[in-house]
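Okay, structure first, notes after.
The values are calculated or read from the model by the stated rules, or taken from the named source; none is laboratory data. Note that the coordinates shown come from a computational prediction; the quantities given were computed from them, not determined experimentally. All Cβ positions, even for glycine, are placed from backbone atoms using ideal geometry, and neighbour counts span all protein chains on display.
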């Protein structure tokens with residue numbers, strides 16, 4: 001009886017191969033778009049924004065499906081995703097502060113010789 005229950009539980013944990021193939025296809029499409037950014041020669045803020053967006057989407061798909069985070073407990077998901085999110089918030093605050101410091105230095109010390 002215990003063997004049958006364990007086998008039934010194991011079968012419930014398996015995910016359909018269609019899901020993995022769909023995610024693999026999405027990763028291929030996102031990589032194609034990422035390469036197209038270079039192929040078309042986009043430059044500046046648009047280039048880096050697109051590259052980072054595609055990178056985050058691919059990383060999210062890999063973590064969610066292939067590392068099975070989509071089926072984990074909410075506490076584990078928060079433990080994995082909350083610290084990097086907070087780091088991004090702190091980086092944004094530092095960028096804002098650096099602009100303030102730059103503008104203050106330019107206002108008091110001038111633009112230089």
Condition broken by residue 110, with the remaining ones in (1) modelled with pLDDT under 90; (2) closer than 28 Å to residue 16 by Cβ satisfied: (2)
All positions within the range 58-86 that are modelled with pLDDT under 85, more than 30 Å from residue 35 (Cβ to Cβ) and in a helix (DSSP H, G or I): 71, 74, 75, 76, 77, 78, 79
